[in-house]
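Asker: Can you keep this structure in mind? I'll have questions shortly.
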Amino acid sequence: MIHLTNIRKQHGAQILFQDASLQILPNTRTGLVGPNGAGKTTIFRLITGEEEVDRGEISCSKKTAIGYFSQDVGDMTGRSVLAEVMSAAGEIVEMSRQMREMEAQMSEPMAEEELTALLERYGNIVEIFEHRGGYDLDARAKAVLTGLGFTDDDFERPVESFSGGWKMRIALARILTINPDVLLLDEPTNHLDLESIVWLEEWLVNDYKGALLMTCHDRDFMNRLVSRIIEVANCSITTYSGNYDFYLQEREIRREQLLASHRRQQEMLAKEEEFIARFAARASHASQVQSRVKKIEKIERIELPPEQRAIRFEFPLPPRSGDDVLHLKDLGKVWQTPEGKEIQVFSGLTGTVRRQEKIAVVGVNGAGKSTLLKIISGQTEASTGSLAFGASLSTGYFSQHAMDILHPAQTVFEAVQEAIPLENIGVIRNLCAAFLFQGDDVHKRIANLSGGEKSRIVLAKLLVQPLNFLILDEPTNHLDIQSREVLLEALQKFDGTVILVSHDRHFLRSLATRVFEIDHGEMRMYEGNFDYYLRQTAQVHAGH
């Protein structure tokens, strides 16, 4: 279907690929993984023709329809949401027009040969039109938009009235609606809430029949969908059969085997070199020495890839808080719109947060999860009801706007040092390394960092302080899988209390000990972990 064979690609001084190959075959579901900057996005751009290889070959059938969703959605103006989504299907709309034209021609008298040729052309177009889902295009566009969280009222709203995150959803809907033969998805779950992620997962499993290649930071999503992993690293492309969890295990096995082979080769080379050094000056051993010199010159040396060291950092033990951290009593929030209209977010929220609990706040998009966290952290006030905090609390709050407080001119090191000014250089470097800033990375300026890198700095600054109550609103946004695992491990070891909003199910499953669900303005509490919550809600839905 699509073949990249012995490709070489260089960006500036950096060689991304050297004699690398990969295949995308019909109906395969593949995850694309690798460190930042290794060339994952370049793979997408090579396939779509936005970039060209320096050497090697890319082959793809002309009939293959490719849909590419990237994080760069471009300008969207001048159309309604539905019209914007349908605009991507221009080719299908054109086929529909040609079919109508041919049908009209068929009703006119014509020579038999002409009719035969017309019927053949008509049959070819109908086959492609059906294959691409042309007959249910409008219904599919509406179903996709609904699945991604849009209401019927949104369909006719102008696209420019939506935020950047919602424009991302429109761009994703546009790609899914055209039902391409090959779907390239670059971080499709970014900007989606949990319900939309689950819908997209189900759609890709049940409704989409083509080939899929995607990058994704959501481990559960990746595991559910893919049966093959392509790793881009160290100028090469390596294929693994299996899902993401299998890939992690298999990669470790292959690394151990490579280390063992490298060790054996080094031992053999050391023996040969010792023999050469010992007998080089003896004429009686000249032929043996020459033979061994030639032998080791011919040996292909095993090279070890750079090791990704996971550095552990011991976070400070927080001071002990009271056993009851927080009481909510009949809490309610009303937002005022610019036009003066009142919108009731929720009301009557009552519950208790106890020491060392890790509480996940869940609910559909717009239910008020972030609003509740803002009230608890003091960023906004409740409209009704009351909050009572326990004794000896030291609170830290992370939101998506927390990155705005970083100083663009500071380096990573300076930003982290600001949080722990009395610590020595070694401790600060170790903290930076625990959050994946190693070596010269600590000298990067904040202004030049990605969203994920900025998030890691804010989280490092937060977790290094002696806090005992953490309020975290989407701390996993922008973070790749490795960074999420670093954060997850830190929070699992954290001796204080956590209340958080996240759409990463693996993260919630691994951390939450209780779940607060906000639904239709009310709050339900589940006295169990995230899996317990899912089982309980599944039973409720089955009962309906």
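Asker: Just the residues that are loosely packed, with under 15 Cβ neighbours inside 10 Å and either free of Cβ contacts under 8 Å to residues at least 60 places away in the same chain or in a loop (DSSP other than H, G, I, E, B) (or both), please, taken from the range 80-90.
Answerer: The answer is Ala83, Gly90.
Asker: Can you tell me which of (1) part of a helix (DSSP H, G or I); (2) free of Cβ contacts under 8 Å to residues at least 12 places away in the same chain is the one Leu508 doesn't meet?
Answerer: (2)
Asker: When you go through Val486, Val458 one by one, which is the residue that is closer than 19 Å to His217 by Cβ, at pLDDT below 90, among the β-branched types (Val, Ile, Thr) and assigned to a helix (DSSP H, G or I)?
Answerer: Val486
Asker: Just to be sure, is Leu192 modelled with pLDDT of 90 or more and within 22 Å of Val73 (Cα to Cα)? Before you say what the answer is, go through the steps one by one.
Answerer: Numbers: modelled with pLDDT of 90 or more: no; within 22 Å of Val73 (Cα to Cα): yes.
No, not satisfied.
Asker: When you scan the range 235-248, do you find a residue that is surrounded by fewer than 20 Cβ atoms within 10 Å (Cβ to Cβ), under 16 Å from the mean Cα position of the chain (by Cα) and either assigned by TED's automatic domain parsing to the domain that holds Thr5 or not β-branched (Val, Ile, Thr) (or both), even just one?
Answerer: yes
Asker: Of all residues in the range 144-188 being among the β-branched types (Val, Ile, Thr) and farther than 15 Å from Val364 by Cα, which is surrounded by the most Cβ atoms within 10 Å (Cβ to Cβ)?
Answerer: Of everything passing the filter in the range 144-188, Thr177 is surrounded by the most Cβ atoms within 10 Å (Cβ to Cβ).
Asker: Next question, about the same structure. Just for the range 94-132: of the residues that are aliphatic (A, V, I, L, M) and either in contact (Cβ under 8 Å) with a residue 40 or more places away in the chain or part of a loop (DSSP other than H, G, I, E, B) (or both), which one is surrounded by the fewest Cβ atoms within 10 Å (Cβ to Cβ)?
Answerer: Ala111
Asker: Suppose we filter the range 415-452 for residues that are within 23 Å of the chain's Cα centre (by Cα), part of a helix (DSSP H, G or I) and touching a residue at least 12 places away in the same chain (Cβ under 8 Å); how many remain?
Answerer: Counting residues in the range 415-452 that are within 23 Å of the chain's Cα centre (by Cα), part of a helix (DSSP H, G or I) and touching a residue at least 12 places away in the same chain (Cβ under 8 Å) gives 8.
Asker: Tell me yes or no: at least one residue of the range 380-390 is out of contact with any Cys (no Cβ under 9 Å at 6 or more places or on another chain) and under 24 Å from Leu487 (Cα atoms).
Answerer: no
Asker: Same structure again: From the list Arg535, Arg524, pick out the single residue that is without any contact (Cβ under 8 Å) to a residue 24 or more places away in the chain, basic (Lys, Arg) and part of a strand (DSSP E or B).
Answerer: One residue alone meets the criteria, Arg524.
Asker: Restricting to the range 124-160, give me the number of residues that are more than 28 Å from the chain's Cα centre (by Cα), among the β-branched types (Val, Ile, Thr) and within 14 Å of Asn179 (Cα to Cα).
Answerer: 1
The values are calculated or read from the model by the stated rules, or taken from the named source; none is laboratory data. Here the structure is a predicted model, which means the values were calculated and not measured. Neighbour counts are summed over all protein chains in view; Cβ atoms, including those assigned to glycine, are modelled from backbone coordinates with ideal geometry.
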